[in-house]
Amino acid sequence: MGSQTLTKGIERAPHRSLLKALGLTDEEMNRPFIGIATAKSTVVPGHMHLDQIVNAVKRGISLAGGVPFEFGVIGVCDGLAMGHRGMSYSLPSRELIADSVEIMASAHDFDALVLVPNCDKIIPGMLMAMCRVNIPSIVISGGPMLAGSFREEAVDLSTVFEAVGKVSAGKMSETELAKLEDLACPTCGSCSGMFTANSMNCLTEALGVALPGNGTIPAVASARLRLATKTGMQAVELGKSSLKPRDILTKEAFLNALALDMALGCSTNTALHLPAIAKEAGIDISLADIDKMSRQTPQICYLRPAGDYHMEDLDLAGGVPAVFQVLADAGLINTEIKTVSGTVRERLSPPKNNEIIRSTNNPYRPEGGIAALWGNLAPEGAAVKQGAVAPEMMKHKGPARVFNSEEEAVDAIMQGEIVAGDVLVIRYEGPKGGPGMREMLSPTSALSGMGLDKSVALITDGRFSGATRGAAIGHVSPEAALDGPISLVAEGDEIIIDIPNRSLELNVSEKELNKRKSNLIKPQKELKGYLKRYAEKVSSAAEGARLID
């Protein structure tokens, strides 16, 4: 296996001829061939600079005696796709990314892979492919965007989404909104809070498949380019070794990643992506595993959207190595397992700021950032970013306000039809029903902007952006399209939310629910192309919304 299948023997003369058409020399035929999968595009702010990252990776590969080969993958910008049909394609793109990397890496028999993602779906898609192909691999992301500044306060993309609600509520003028939109996203990179992209990039460090700093060094920092060069060099070393992704991505590595997830207060999308990646590695990670880790791991960082700190602050405080040091001191992670560069223990370093990274004895919250809920409304489970829920909303009961699409719900919010105490139910937005399990940042941000995030809950079989805050409960499974109980909720039904006790209940008798089920009429959606194929094969959100063979 490896590049020698292309370069050795007289029968490979045609292959060498094609390689020479690329400009390769006879000397290079004897060096490790390193594939570079990049999501570079001029569509996504997080990807617009990845050519610089790739060039640094290539330099590192060449310095270490390897030969770099670059190829591209698609990437959806969730922010640009938000709030319209484009978001239906975001989660499904994860599977296409995984497939395309698998195809390119397998068809060309590289000795090692460097994966260069930066945004949600691209990172987990590449990691899924890494597990499938199982050749020496390493990740280097494009890094996070810097925070913007408006009215002497740090701002980001979620600030703009919430400002839309403020304008509708008369709390901000359209002129002020226009100024904010100029300032909120000041650089390239993945959006600057602990949103999904940055959550996943930090988790690559915890999983051991990236060098320290990958999750937090800003996109515009020269240190990011140096890290990319070192990543290229390390890829060559990995190519010469027998260390493969499945040697690193053990159950213990995924448990380490879950511990970091809880400590940082990561996006609920990690509850979709980590189980899907683990499955490709032959490991089962369930909502129960996620919730168990949440109960034993305190949240020691409080970044946007919940808190006031951004990724650049976490980086200055020591980044993932410092958070891992705190978790290691508390016995919450395994420090002896392998990474692409030594063991976890060799990566630890003490925090440089004890407010941005607190001790486990002085956490922001005694439990982790994500909780899983179960009950008659979510028999297979649901997920909530409890680290971004106001204390007064950890327990809530109220009347259901039922909508069969995100658009209907947003219209009701913007028209002032949602009032304190309500529980919004947005259904038929799950993996099959959406299809594609759209993110609900528009309604949650509108609620926050209108000052309702501490008095109104939102429940959906869709999902939420990592930039969401408030009592936003997603991934409700089974979804409405699969006749889950969420499909039976009627306007005015009482819903009881109890996050501390992990409960999500619909206060309606089983007899009444059975009656409703017999009279249920589902909304019909005309699907075609990739979304039709995706909807036919996608699994439950509780199983990571993977495609079922």
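The values are calculated or read from the model by the stated rules, or taken from the named source; none is laboratory data. What you see is a predicted model; the values in this text were computed from it and never measured. With ideal geometry, Cβ positions are generated from the backbone for all residues, glycine too; neighbour counts draw on all protein chains shown. When the accessible area is computed, the model is the full protein with side chains, heavy atoms only, and any ligands, DNA or RNA have been set aside. Shrake-Rupley method; radii C 1.70, N 1.55, O 1.52, S 1.80 Å.
Things to note:
- Options GLY79, GLY60, GLY46: the member that is closer than 18 Å to LEU157 by Cα, in a helix (DSSP H, G or I) and of a type in the set (Gly, Ala, Ser): GLY79
- Test: residue in the range 132-155 that is of a type in the set (Lys, Arg) and buried (at least 24 other Cβ atoms within 10 Å of the Cβ): no
- Condition met for ALA112 (open to solvent by 10 Å² or more (accessible area, probe 1.4 Å), more than 25 Å from ALA545 (Cα to Cα) and at pLDDT 95 or above): no
- When the helices (runs of 4 or more DSSP H) confined to the range 250-323 are screened for residues that are under 23 Å from SER192 (Cα atoms), those reaching at least 2 such residues are found at 251-264, 270-280, 311-316.
- Output for the range 467-513, where each listed residue is of a type in the set (A, V, I, L, M) and under 21 Å from the mean Cα position of the chain (by Cα): ALA467, ALA471, ALA472, ILE473, VAL476
- Filtering GLY75, GLY46 for residues that are open to solvent by less than 10 Å² (accessible area, probe 1.4 Å) and of a type outside the set (A, V, I, L, M, F, W, C) leaves a single hit, GLY46.
- When residues of the range 443-482 are limited to those that are in contact with a Phe, Trp or Tyr (Cβ under 7 Å, 6 or more places away or on another chain) and open to solvent by 10 Å² or more (accessible area, probe 1.4 Å), the one nearest to LYS517 (Cα to Cα): ALA481
- Scanning the range 465-500 for residues that are within 20 Å of GLY433 (Cβ to Cβ), touching a Leu at 6+ places or on another chain (Cβ under 9 Å), in a loop (DSSP other than H, G, I, E, B) and at pLDDT 95 or above gives ASP483, GLY484, VAL489, ASP493.
- Selection within the range 345-373 - within 22 Å of the chain's Cα centre (by Cα) and among the hydrophobic types (A, V, I, L, M, F, W, C): ILE356, ILE357, ILE370, ALA371, ALA372, LEU373
- Across the range 391-421, the number of residues qualifying as closer than 20 Å to PRO500 by Cα and in a loop (DSSP other than H, G, I, E, B) comes to 2.
- Looking across the range 394-417, the residues that are open to solvent by 10 Å² or more (accessible area, probe 1.4 Å), closer than 22 Å to LEU377 by Cα and not small (Gly, Ala, Ser) come down to MET394, LYS395, HIS396, LYS397, PRO399, ARG401, VAL402, PHE403, ASN404, GLU408.
- Applying the condition of being modelled with pLDDT of 95 or more, loosely packed, with under 13 Cβ neighbours inside 10 Å and among the aliphatic types (A, V, I, L, M) to the range 1-42 and asking which residue is farthest from the chain's Cα centre (by Cα) yields ILE10.
- From the list LEU504, LEU520, LEU513, LEU531, the one residue that fits, being in contact with a Ser or Thr (Cβ under 7 Å, 6 or more places away or on another chain), in contact (Cβ under 8 Å) with a residue 24 or more places away in the chain, of a type in the set (A, V, I, L, M) and not in a loop (DSSP other than H, G, I, E, B), is LEU531.
- When every residue of the range 453-462 is checked against the conditions, none turns out to be farther than 21 Å from TRP374 by Cα, without any contact (Cβ under 8 Å) to a residue 60 or more places away in the chain and not aromatic (Phe, Trp, Tyr).
- Yes/no for VAL160 being open to solvent by 10 Å² or more (accessible area, probe 1.4 Å), among the β-branched types (Val, Ile, Thr) and under 21 Å from the mean Cα position of the chain (by Cα): yes
- One residue stands out in the range 234-276 among those that are open to solvent by 20 Å² or more (accessible area, probe 1.4 Å) and among the hydroxyl-bearing types (Ser, Thr, Tyr): the one that is modelled with the lowest pLDDT, namely SER242.
- Of the residues making up the range 371-415, those that are polar (S, T, N, Q) and over 23 Å from ALA288 (Cα atoms) are ASN404, SER405, GLN415.
- Condition check for LYS179: open to solvent by 20 Å² or more (accessible area, probe 1.4 Å), farther than 23 Å from LYS58 by Cα, basic (Lys, Arg) and modelled with pLDDT of 95 or more: yes
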